[in-house]
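Everything below concerns the one structure shown next.
Values quoted throughout were computed directly from the atomic coordinates according to the rules given, and no laboratory measurement underlies them. Bear in mind the structure is a predicted one, so any value in this text is a computation, not a measurement. Positions of Cβ are backbone-derived with ideal geometry, glycine not excepted, and every protein chain shown enters the neighbour counts.
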Amino acid sequence: MKLKKTDDHVKGLFQSKPRGGEDPLREVFERALKRPKIFKDRAVMRSDYVPERLPHRDEHIRRLGEILAPALSLSRPSNVFIYGKTGTGKTAVVRYVFKRFAEIAEKEGIPLALAYVNCRISGTEYKVLAELCESIGVKVPFTGLSKAEVYNRLRRGLREKGVLLVAAFDEVDALVKAYGDNLLYELTRINEGLESGGLSIVGTSNDLHFKDYLDPRVLSSLSEEELVFHPYTATELIDILSERAELAFHPGAVPQDVINLCAALAASEHGDARRAIDLLRVAAEVAERNGDERVEERHVKLAQSIIERGRVFEALSTLPLHSKLVLTSLLLLAKNGVANPISGMIYQTYREVCGQVGVEPLTDRRVSSLISELDMLGVVKSDLVNMGRHGRTRKIALLTPVEEIEEVIGGDEILSTLLSYRPSVISGGKR
């Protein structure tokens with residue numbers, strides 16, 4: 001039974017003060033208990049939520065279902081590869097289809113196992129194999145075995161249990177780019193000699209050029225069937241958000257014009273449904289924290305800046321080491337008053353910071369390429385300037401706030417030690 005939180009009731013909860021003086025959480029709790037509720041079911045707006053219906057993806061669901069249908073009669077279905085940009089519904093469709101197949105398999109007593117593996121989260125080939133083993137009831141220690149031994153246990157488990165395993169490898173390109181395609185090749189050969197049971201693979205990738213990373217032998221085995229997911233239109237995103245909003249929020253808390261705005265903003269960025277859902281969710285959280293009764297356009301604008309900051313942090317955090325070292329060099333120069341350093345000054349500082357962390361520096365030309373890559377990412381702006389008789393050089397300006405870069409560098413165990421370093425090119429104070 002829900003209790004109505006009157007002002008007197010809320011105040012009564014905070015009559016006693018904690019030891020040491022004022023309670024820093026008192027105001028937070030009071031506002032949390034008294035503020036109007038916008039969310040009815042917050043889980044609906046989470047990225048791992050699988051809705052009962054996926055608007056505008058019926059054809060993709062039907063096609064994937066047709067490909068996997070032989071599994072219900074314990075015949076190994078074809079491997080299938082799914083392409084599409086982030087937020088086009090690949091993961092949602094795979095998880096939805098797997099959920100429905102699992103329900104039928106359990107109801108009919110079919111020895112069919114379905115495993116979903118996020119390759120970016122699992123991280124290593126060992127963990128991927130361990131998750132596959134776990135999905136068919138084969139115990140594997142967290143660490144300590146060779147990859148070959150885990151693979152053999154998986155194959156033995158499939159044979160002895162007579163289980164047909166359909167495994168989805170989400171963002172499989174992340175695994176291949178980190179470790180190569182040997183594991184995929186081994187998995188496509190795991191069925192050889194198996195009279196019962198076996199493995200079929202469903203792979204998804206955000207990289208439309210993922211095929212270029214695969215050995216032709218792997219490609220011919222893996223991509224027996226292919227599906228391509230196209231970005232959502234603004235109208236389709238409105239339908240998706242409207243259905244989510246009806247489940248997630250109290251009536252009247254999120255007006256249609258707010259839903260339309262979130263859809264339009266996401267549609268302008270490659271039709272990303274995940275982006276649209278995140279934008280609406282964060283806007284609702286901002287409104288709720290402010291104690292507002294409904295979500296408005298201003299909340300969406302605030303949410304957009306919050307999400308953008310998070311995306312910048314993620315992009316910078318995943319840069320390769322030497323790109324981070326170049327960025328660290330730019331940060332140190334900026335903190336010491338050099339706003340638009342020339343490329344030679346940056347390279348000199350880069351060599352110094354490499355020496356500080358015991359890393360062999362790259363060549364001047366390679367560092368110049370890294371700066372160009374940071375330029376393409378929108379992290380810096382690089383301008384070619386004429387220095388007269390001294391020739392031409394490049395001036396580099398940081399486009400990302402110093403505080404955000406410092407947050408990224410400070411979160412790196414190795415590079416955080418450089419934040420107090422003063423480059424030798426800084427002489428006589430600020431320039």
Practice problem: Please work out whether the stretch 320-418 counts as rounded, prolate or oblate from its C-alpha gyration tensor, where a ≥ b ≥ c are the square roots of the eigenvalues and a/c under 1.5 means rounded, while otherwise a/b larger than b/c means prolate and anything else oblate? | Solution: prolate
Quiz item: In terms of the ratio Rg/(2.2 N^0.38 Å) built on C-alpha atoms, what value belongs to the stretch 322-361?
Solution: 1.05
Practice problem: Compare the peptides 245-258, 112-125 by average per-residue count of other Cβ atoms within 10 angstrom and give them in order, highest first. | Solution: 112-125, 245-258
Exercise. Give the residues of the stretch 306-344 whose amide nitrogen is closer than 16 Å to a point set 7 Å from the Cα of E406 in the direction of its Cβ.
Key: 328-339
Self-check item: Candidates L419, L214, L132: whichever shows maximal mean-square fluctuation once the chain is modelled as a Gaussian network with Cα springs under 10 Å
Solution: L419
Quiz prompt | Cα gyration tensor shape for the chain, rounded if a/c is under 1.5, else prolate or oblate | solution = oblate
Exercise. Identify which of S242, S317, S420 has the largest mean-square fluctuation in a Gaussian network model of the chain, with springs joining Cα atoms closer than 10 Å.
Key: S420
Quiz item: Between rounded, prolate and oblate, where does the stretch 73-142 land on the alpha carbon gyration tensor, with a ≥ b ≥ c its root eigenvalues, rounded for a/c under 1.5, else prolate if a/b exceeds b/c?
Solution: oblate
Quiz item: Could the peptides 259-266, 360-367 be put in order, highest first, of the mean number of other beta-carbon atoms found within 10 Å of their residues?
Solution: 259-266, 360-367
Quiz item: Along the stretch 335-344, what does the Karplus equation 6.51 cos²θ - 1.76 cosθ + 1.60 (θ = phi - 60°) give for ³J(HN,Hα), rounded to whole Hz, x for Gly and Pro?
Solution: 5, 9, x, 9, 7, 10, x, 7, 4, x
Quiz item: For the chain, what is the calculated [θ] at 222 nm in deg cm²/dmol (nearest 500), taking -39500 (n - 2.57) for each run of four or more DSSP H residues and dividing by its residue count?
Solution: -15500 deg cm²/dmol
Self-check item: Of all DSSP beta bridges in the chain, antiparallel share, percent nearest 5
Solution: 30 percent
Practice problem: Please give every one of the aspartates and glutamates within straight-line cross-link reach of K395, meaning a C-alpha to C-alpha distance under 20 Å, and leave out same-chain neighbours fewer than 8 residues apart. | Solution: E352, D364, E373, D375, D383
Exercise. Return the sequence-ordered ³J(HN,Hα) values of the stretch 143-154 in whole Hz as given by the Karplus equation 6.51 cos²θ - 1.76 cosθ + 1.60 applied to θ = phi - 60°, using x for Gly and Pro.
Key: 7, x, 9, 6, 4, 4, 5, 5, 4, 5, 5, 5
Quiz item: Kirkwood-based Rg over Rh for the stretch 242-289 (C-alpha set), two decimals?
Solution: 0.95
Quiz prompt | Equivalent ellipsoid dimensions for the stretch 168-316 as semi-axes, Å, which come from the Cα gyration tensor, largest first | solution = 41, 17, 14
Exercise. Of all alpha-carbon pairs in the stretch 58-229, indicate the percentage at a distance above 25 angstrom.
Key: 27 percent
Quiz prompt | Highest-fluctuation residue, K107, K139, K90 considered, GNM on the chain with Cα pairs under 10 Å | solution = K107
